[in-house]
Amino acid sequence: MKKLLFSLVIGVIALSGCHHDQAHSPLPQLTTATPIKVNDSTYTCGGTVTDQGGSAVTDRGVAIGLNADPSIDNANDIAIAIGSGTGPFATDIAPFAMGYTYHVRAYAKNNAGIAYGRDVTVTPGSGGGGGGGGGNCNVVQVSNDITTATTWTAGNVYVVTTFIDISAPLVIEPGVIVKFKDANCGLEVYAKVTADATAANPIIFTSYKDDNYCGDNNGDGSASTPAKGDWGYMDMRGDQHGSLFRYCKFLYGGGSGGGNVVIANTGTGNIHDFTFDHCTFAHTHGSSSGNRAAFAGSDMKDPAVSVLTNNIFYDNAVPIYIVSSYALDPSNVYHNPDNASETNTYNCIYVWSYGLAGKTVQYNETEVPYVLDQGLAAGGSGQLFSVGPNVTIKIPVGAGNSITGGTANMAIDPTAVFTSMRDDAHGGDTNGDGSASSPAAGDWTGVKIDQNWYTTNVFYSTH
């Protein structure tokens, strides 16, 4: 991972910074040096161990991240080891991508633990931090389809001016910014896209009006600000195979897709062989319609082929839409990690009740409820509907909406909850109307196993 993020060349630096204030501490005492610019993407970083503390310093270096006070124990930060012992240490680190503010802290470790210097920041390409620096970002207009193997390189902002077809392999390097001019712009993906970034150097897909990444590229100062639906969507056609999106951010999309920013679609094939891992989907335009979600994945069938893991969804309408036979990984998150109260308007996993397609399907997500749009029928050889501990399943109001199956086809944990879409007491305000609606007996039919109505943690059903 470090190799992907940083290439290291040992350098020399005059060091300055604050000191560790704990006198006679068993921990080391050290300062963090202010990073010195080598070029637009390379900075010399380091520090000075002024006192080894109660035992020898066995490891020292810098921790780098996008949030304050990075540490070597945080999986979202990067630790760069620079030797051991006391005295000054430094190395040249690249690439720092323009348009981001990085936090840097020196660290030193001995037998007593880890000590850190102060947090210092660096914003490449910016006159004053805050994700600016538009004047130093090279803007590349993209208006033609991609028909030959192409690489979008770091240091550039690619402004997409229409819907373009990606019909040949496309590599998007870490740190690339992709901006879309308006709601009639997006990507139709027919070939493999490799967008493999890192937490410290993500790839951004956002609005042309978004000045937070590489500055004011549309040249209107503060006259415009980004909004939901500023650009269209990215359509993952079934023809592409092996596309990878890791540590990418999809912001302010869904304008011409009715609320979708990434769509799993059929193309001429029907194999959705892709991975979205550690990506963020935020500020997507949408509505209460389940099939209009930030990630519209109802054509995904196999979680081993269509991989959706460790992603973050917040400030969308519906975060995700899947088919009932797709077992969604429970590692995804449905709130802003920096503000847990910022969730989604209809904070749920919306499920198209297509059936189980002869599979064992496990529902294990507990942060948000599943909404089965018409209920579910589980039956037939090889089919098993498994509902894990503390899972909440909601059913929209409607006569005949039910969950049915045989004892061989249903495995329900006794702590699982089945209830009405209007029930805010279980799983929150999933229909997004505040207190405007209330659940009532008979909102839906119930859960039936063989010929018996299941009654454990079943609420507001007819039976």
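Nothing in this text is a laboratory measurement; each read-out follows from the coordinates by a stated rule. Please read all numbers here as calculations on a predicted model, not as lab measurements. Because the Cβ atoms are built from the backbone with ideal geometry, glycine has one as well, and the counts that use them run over all protein chains shown.
Oblate is the label for region 322-463. Its Cα gyration tensor axes, ordered a ≥ b ≥ c, give a/c of at least 1.5 and b/c at or above a/b. About the centre of its Cα atoms, the chain shows a dipole size close to 500 debye [charges on the beta carbon of Lys, Arg (+1) and Asp, Glu (-1) only; nearest 20 debye]. Computed extension gain for Thr455 through Ser55, at 0.36 nm per residue and net of the alpha carbon distance, reaches 137.7 nm.
From its DSSP helices (H runs of at least four residues, each -39,500 (n - 2.57)), the chain gives a residue-normalised ellipticity at 222 nm of 0 deg cm²/dmol.
A cut-off under 10 angstrom between Cβ atoms defines the neighbours of Tyr314, and their net charge, with Lys, Arg +1 and Asp, Glu -1, is -3.
For His241, His285, what ranking results if the residue with the fewest other Cβ atoms within 10 Å of its Cβ goes first? Intermediate results must be reported in sequence, preceding the final value.
Values: His241 13, His285 26.
Fewest-to-most ranking of His241, His285: His241, His285.
By the count of neighbouring beta-carbon atoms within 10 Å, fewest first, Thr44, Thr206, Thr150, Thr407 end up ordered Thr407, Thr150, Thr44, Thr206. Taking every lysine pair in the chain that is 8 or more places apart or spans two chains, those with Cα atoms closer than 21 Å amount to 19. Using Cβ point charges alone (K and R +1, D and E -1), the dipole size of region 137-346 about the Cα centre works out to roughly 140 debye. For P(r) over Cα pairs in 20 Å bins from 0, in percent, the candidate list reads [x] 23, 45, 28, 4; [y] 15, 28, 23, 16, 11, 6, 2, 0; [z] 28, 60, 13; the entry that matches the value derived from this model is [x]. If you take the Cα centroid of region 195-245 and the Cα centroid of region 288-346, the two points sit 19 Å apart. Relative contact order, whole percent, for region 137-346 stands at 14, derived from Cα pairs under 8 Å and 6 or more residues apart. What is the sum of charges, Lys and Arg at +1 and Asp and Glu at -1, for the other residues whose Cβ falls under 11 Å from the Cβ of Thr194? Residues close to Thr194 contribute a combined charge of 0.
Here the relative contact order of the chain, from alpha carbon pairs under 8 Å that lie six or more residues apart, stands at 7 percent. Residues of region 300-342 with an amide N closer than 20 Å to a point placed 7 Å from the Cα of Ser437 along the Cα-to-Cβ direction: 316-322. Inter-label distance, Ala227 to Gln141: 2.5 nm, where each label sits 7 Å from its Cα along the C-beta direction. How high is the relative contact order of region 353-463, in percent, counting Cα pairs under 8 Å that sit 6 or more residues apart? Relative contact order here is 24 percent. A simple count of charges around Ala304, restricted to other residues whose Cβ falls under 12 Å of its Cβ and scoring Lys, Arg +1 and Asp, Glu -1, yields -1.
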